[in-house]
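> First the structure, which I've put down as structure tokens, then a few questions once you've had a look.
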Amino acid sequence: MTTAEQPSRRRVLAAAVAAAVAGGPAPAATAATAATAAGATETGDAGSAAVRSVDHRAWITYADWRTGAVQGTRVQAGVRPGVVIADPLGSVDYTDPHTRTTAAWEYATWTSPVRALAVPATEVIASWNADTPAGTWIQVELKGTYSDGRGTPWYVMGRWASGDQDIRRTSVDGQTDGRSSVRTDTLAVDDASTGLRVAAVRLRLTLYRRPGTDATPTVWRLGATGSDVPDRFTVPASVPSVARELVVPRYSQEIHRGRYPEYDNGGEAWCSPTSSQMIIEFWGGRLTPEQLAWVDPSYSDPQVCHAARFTYDYQYGGCGNWPFNVAYAATFAGLQGVVTRLGSLADLERLIAAGIPALTSQSFLKTELTGAGYGTSGHLMTVIGFTAQGDVIANDPFSADDEAVRRVYRRREFENIWLRTRRHDASGRVASGSGGVCYLYFPALPTARQREALTAVGVPV
């Protein structure tokens, strides 16, 4: 939980509940969107809403990976093609900022070609799916090309390993060129009102391993979501089209209050990993007793504790790093995932109809979402279906116990709080909304219907 604005960290996106739960003022969100252009209005523009404001670019197939420049890496064919270390370029010393331990690592790189964005962006979020055996880790970097032709530096979007014994997975603060900045997991144009946008992106992977070993990370999926969601306090209403509910496991973050406070003060702030674990298990992902052996055996739902530990960003100080949650989900056999933005509840309905639940990010006052009983400056929950009336069925982890997790929220209220980019907090100040941010987890080999639905919402498979 956070009670004050913290510009250098996006803790509000992991915090479950703002001070509004206790009746106090909610903190302003700090970076759910960088689109702060002047002239934001109180009403949405139905005409502009039809224009897609998001573009997701990805490298997934063998042909995709072959378009990149390999230096010490090779492209590996197979059911899930990807990039692995072949002949390392050399070794470098890395001092982990969180353990102060220095170690030598062999490394190799893969660099994508430049990909133009169909939507020149105010924000870009990278995400990846990878396997990092013990003694390995990866770094993901992004370089943008501005709409005026100039380029950004190579920004580090994450240093990541599925475990936490070799390095501490981390975002990197303080990255800026005076025109754009990295805010935990999001590259954002500093002043969108100037018209400056990121028009193209290039991604670079650096794969690391202990010297003298044959171990290697494998990266199966790499992508970047660029978006330029218009400033809006309200969005046009959509028309219900699907009535279906998926049977998704229910987990409460609240029963974990006080557990493992070293991971962002315990369950109170675990909305993101709790929601992730629900959908992972919906797709059949299970943790073994050996994986859970570190958890206090008296704790119920130990898999939620595990998810919190292994999504935790040691720089951000929380479990709400979007790409880290997606990367965690993709460590389960047969799963892949992306961070993206969707444009409407119609997109969610299309996914639900194909059997794909989604994790959505939203901020709201207690009075804005009937039946929630709380307000939040940033909260993740899972959308698992729609009623016959079109209302949203959600597994909301901010619930007293697992049984209470399933909620039904009014369609119009949910739609607006999820898709808006501007809102008023409990003090009446203008704050940010997520603009439709969601995580999508789905099979590595989706069915034809799932593939069609994902493609329709802008996610290549």
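The values are calculated or read from the model by the stated rules, or taken from the named source; none is laboratory data. Just so we're clear, the structure is a prediction, and the values are computed from it rather than from any experiment. Quick reminder, even Gly has a Cβ in these numbers, built from the backbone with ideal geometry, and neighbours come from all protein chains shown.
> Somewhere in the stretch 218-236, is a residue farther than 28 Å from GLY428 by Cα, touching a His at 6+ places or on another chain (Cβ under 7 Å) and among the small types (Gly, Ala, Ser)?
Initial filter on the stretch 218-236 (farther than 28 Å from GLY428 by Cα): 218-226.
Going one step further and asking which of them are touching a His at 6+ places or on another chain (Cβ under 7 Å), we end up with 223, 225.
Narrowing the set further to residues that are among the small types (Gly, Ala, Ser) leaves 223.
Yes, some residue in the stretch 218-236 is farther than 28 Å from GLY428 by Cα, touching a His at 6+ places or on another chain (Cβ under 7 Å) and among the small types (Gly, Ala, Ser).
Yes/no matrix, rows are residues, columns are (1) without any contact (Cβ under 8 Å) to a residue 40 or more places away in the chain; (2) in the same structural domain as LEU205 (by TED's automatic domain parsing); (3) over 18 Å from ARG210 (Cα atoms):
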{"residue": "GLY78", "(1), (2), (3)": "yes, yes, yes"}
{"residue": "VAL84", "(1), (2), (3)": "no, yes, no"}
{"residue": "SER91", "(1), (2), (3)": "no, yes, no"}
{"residue": "TYR94", "(1), (2), (3)": "no, yes, no"}
{"residue": "GLU106", "(1), (2), (3)": "no, yes, no"}
{"residue": "ARG115", "(1), (2), (3)": "no, yes, yes"}
{"residue": "ALA118", "(1), (2), (3)": "no, yes, yes"}
{"residue": "SER127", "(1), (2), (3)": "no, yes, yes"}
{"residue": "ASP131", "(1), (2), (3)": "no, yes, no"}
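> Residues to consider are ALA200, ALA161, ALA188; find the one that is under 23 Å from ALA116 (Cβ atoms), within 19 Å of the chain's Cα centre (by Cα) and of a type in the set (A, V, I, L, M).
Within the list ALA200, ALA161, ALA188, the selection yields ALA188.
> Shifting gears a bit: Taking ARG449 and the conditions (1) in contact with a helix residue (DSSP H, G or I) (Cβ under 7 Å, 6 or more places away or on another chain); (2) among the basic types (Lys, Arg); (3) closer than 30 Å to THR61 by Cβ, which numbered condition does it fall short on, given that it satisfies the others?
Only one criterion is unmet by ARG449, namely (1).
> Next question, about the same structure. Would you tally the residues in the stretch 420-449 being under 22 Å from the mean Cα position of the chain (by Cα) and farther than 30 Å from GLY334 by Cα? Give the derivation first.
In the first step, residues of the stretch 420-449 are kept if they are under 22 Å from the mean Cα position of the chain (by Cα); the result is 420-423, 431-446.
With farther than 30 Å from GLY334 by Cα added as a condition, the list becomes 420-423, 431-433.
Residues meeting the conditions: 7.
> OK, next. Determine whether ALA77 is in contact with a helix residue (DSSP H, G or I) (Cβ under 9 Å, 6 or more places away or on another chain), more than 19 Å from GLN315 (Cβ to Cβ) and either surrounded by fewer than 18 Cβ atoms within 10 Å (Cβ to Cβ) or of a type in the set (A, V, I, L, M, F, W, C) (or both). Break it down into steps so the answer makes sense when it comes.
Numbers: in contact with a helix residue (DSSP H, G or I) (Cβ under 9 Å, 6 or more places away or on another chain): yes; more than 19 Å from GLN315 (Cβ to Cβ): yes; either surrounded by fewer than 18 Cβ atoms within 10 Å (Cβ to Cβ) or of a type in the set (A, V, I, L, M, F, W, C) (or both): yes.
Yes; evaluated as a whole, the condition is true for this residue.
> Something else: Restricting attention to strands (runs of 3 or more DSSP E) lying wholly within the stretch 321-433, give those where 2 or more residues are under 19 Å from PHE233 (Cβ atoms), modelled with pLDDT of 95 or more and polar (S, T, N, Q). Break it down stepwise before answering.
Working: elements: 335-341, 358-364, 376-386, 392-395, 406-409, 422-424, 430-432.
Qualifying strands (runs of 3 or more DSSP E): 358-364.
> Check the stretch 241-249 and report whether any residue there is in a loop (DSSP other than H, G, I, E, B), among the β-branched types (Val, Ile, Thr) and modelled with pLDDT under 95.
The answer is yes, given that some residue of the stretch 241-249 is in a loop (DSSP other than H, G, I, E, B), among the β-branched types (Val, Ile, Thr) and modelled with pLDDT under 95.
> Going through GLY337, GLY355 one at a time, which residue ends up being touching a residue at least 12 places away in the same chain (Cβ under 8 Å) and either buried (at least 24 other Cβ atoms within 10 Å of the Cβ) or closer than 25 Å to VAL219 by Cα (or both)?
The unique qualifying residue is GLY337.
> State whether the residues of the stretch 215-227 include one that is under 20 Å from the mean Cα position of the chain (by Cα), charged (D, E, K, R) and modelled with pLDDT of 95 or more.
yes
> Something else about it: Which residues, taken from the stretch 297-313, are touching a helix residue (DSSP H, G or I) at 6+ places or on another chain (Cβ under 6 Å), assigned to a helix (DSSP H, G or I) and crowded, with 24+ Cβ neighbours inside 10 Å?
Scanning the stretch 297-313 gives VAL304, ALA307, ALA308.
> Among the residues of the stretch 391-411, what is the count of those that are touching a residue at least 40 places away in the same chain (Cβ under 8 Å) and over 24 Å from the mean Cα position of the chain (by Cα)?
Qualifying residue count, the stretch 391-411: 5.
> Let me ask another. Tell me, which residue of the stretch 314-334 that is in contact with a Pro (Cβ under 9 Å, 6 or more places away or on another chain) and of a type in the set (Ser, Thr, Tyr) is surrounded by the fewest Cβ atoms within 10 Å (Cβ to Cβ)?
The qualifying residue surrounded by the fewest Cβ atoms within 10 Å (Cβ to Cβ) is TYR314.
> Given (1) crowded, with 20+ Cβ neighbours inside 10 Å; (2) outside the structural domain of ALA308 (by TED's automatic domain parsing), where does TYR251 come up short, assuming only one miss?
So TYR251 meets the others, but not (2).
> Hey, another quick one. Considering each of SER363, SER344, SER377 in turn, give the residue that is touching a Pro at 6+ places or on another chain (Cβ under 6 Å) and among the small types (Gly, Ala, Ser).
SER377
> Continuing with this model, one more query. How about the stretch 367-382: which of its residues are small (Gly, Ala, Ser), within 19 Å of VAL437 (Cα to Cα) and in contact with an Asp or Glu (Cβ under 8 Å, 6 or more places away or on another chain)? Before the answer, list the steps.
Quick first cut of the stretch 367-382, residues small (Gly, Ala, Ser) only: 371-373, 375, 377-378.
Cutting the leftovers down to within 19 Å of VAL437 (Cα to Cα) gives us 375, 377-378.
Correct list: GLY375, SER377.
> Might you let me know whether the stretch 267-277 holds any residue that is under 28 Å from THR421 (Cβ atoms), aromatic (Phe, Trp, Tyr), in contact (Cβ under 8 Å) with a residue 40 or more places away in the chain and crowded, with 23+ Cβ neighbours inside 10 Å?
Within the stretch 267-277, one or more residues are under 28 Å from THR421 (Cβ atoms), aromatic (Phe, Trp, Tyr), in contact (Cβ under 8 Å) with a residue 40 or more places away in the chain and crowded, with 23+ Cβ neighbours inside 10 Å.
> Which of the residues belonging to the stretch 298-321 are under 13 Å from the mean Cα position of the chain (by Cα) and either of a type in the set (Val, Ile, Thr) or more than 20 Å from HIS98 (Cα to Cα) (or both)?
THR311
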